[in-house]
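To start, the structure under review is shown below, and the notes come after it.
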Amino acid sequence: MPRIEIVPSILSADAGRLAEQVKEAESAGADRIQVDVMDGHFVPNLTFGPGVVEAVRRATSLPIEAHLMVERPELFLEAFARSGATLIEVQVEATSSLYRTVQAIKELGAKAGVAINPATPLEDLREILPYVDLVNVMTVEPGFGGQKFIPSSTDKVQRLRALSPKVEIEVDGGIDARSAILVVGAGATVLVAGSSVFGYKGGVAAGIKAIRDALE
Ligand code: DX5
């Protein structure tokens, strides 16, 4: 069984204590940190730029994923790579040159990921699959933290795992101790968790522990 990676996403962190919260997550055994980048066009929300990735980089030595929920992500790859993102993921729906974009991410020295929204068919990934390190199966409609896990995501993860035994399958949105069991059982290996970690009543460490314990 591959190690399941837990990736707190900073959207739900306390922005006034970001460095502290990132350090808490690292001490609690988080495997990576995700910066949820939103441009107010691809999704109806506006969040972070490369400067926040730099701030997270100063706070931790963990790998940092930049999830670009933005139109024309190809315009921002170099800025996010330079700011310290070790993996850059773009939405399959957001660019008309996905192959060139994936190649450009790799030429910048970062790992390449593609994210796919709930209503986008897996078929749209078929041709790019051999070129990417990670696929993020969005288990909510992207734009906000704290949304409900979409139950049909489990079957989508299962079908993707059947398509590609090797690719890292990440899930993102509404992932907590309960939904984690479903998606890991279906073949996911990377769990993005925002509100179930930074919004957990017992604190960050307890939130990460709750997910890990559920997977024991
Ligand atoms: C896209 C955001 C969220 C976030 C996870 O909407 O990027 O998916 O990472 O948020 P939670 O874990 O609170 O659903």
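With a Förster radius of 22 Å applied to the C-beta separation of residue 106 and residue 126, the computed FRET efficiency comes to 0.70. If you take all other residues with their beta carbon under 12 Å from the beta carbon of residue 87, and give Lys and Arg +1 and Asp and Glu -1, the sum is -4. Taking a sphere under 14 Å around the Cβ of residue 45 and counting the other residues whose Cβ falls inside, with K and R at +1 and D and E at -1, yields a net charge of -4.
Note on region 108-216: Rg/Rh from Cα positions, Kirkwood definition for Rh, rounded to two decimals, is 0.98. Just the protein heavy atoms count here, and of the accessible area of the chain at 1.4 Å, carbon and sulfur take up 54 percent. Residue by residue, region 110-115 carries 3J(HN,Hα) couplings of 9, 6, 10, x, 10, 10 Hz when phi is fed to the Karplus relation 6.51 cos²θ - 1.76 cosθ + 1.60 (θ = phi - 60°); x denotes Gly or Pro.
Neighbours of residue 117 by Cβ distance under 12 Å: Lys/Arg scored +1, Asp/Glu scored -1, total -3. Comparing mean-square fluctuations of 153, 179, 97 from a GNM of the chain with C-alpha springs under 10 Å, the top value falls on 97. Taking amide H as placed 1.01 Å from N in the peptide plane, the amide H of residue 70 sits under 5 Å from that of 91, each at least 5 places away or on another chain. Distances between placed amide hydrogens fall under 5 Å for residue 48 paired with 38, all partners being 5 or more residues away or on another chain. Within the chain, the proportion of C-alpha pairs whose separation exceeds 25 Å stands at 31%. Listed by chain and number, the lysines placed with their C-alpha closer than 23 angstrom to that of residue 209 are 23, 148, 201; residues fewer than eight positions away on the same chain are left out. Taking a temperature of 10 °C and a viscosity of 1.306 mPa s, what whole-number D in µm²/s does Stokes-Einstein yield for region 47-162 with Rh from Kirkwood over alpha carbon pairs? Estimated via Stokes-Einstein, D reaches 108 µm²/s. Here residue 61 and residue 201 are evaluated by their C-beta separation; at R0 = 41 Å the FRET efficiency comes out at 0.90.
The values are calculated or read from the model by the stated rules, or taken from the named source; none is laboratory data. In this text, all values refer to a predicted model and were calculated from it rather than measured experimentally. A quick note on method: Cβ atoms are made from the backbone with ideal geometry, for glycine too, and the neighbour counts reach across all protein chains shown. These area figures cover heavy atoms from the full protein model, side chains too; ligands, DNA and RNA do not enter into them. Shrake-Rupley method; radii C 1.70, N 1.55, O 1.52, S 1.80 Å.
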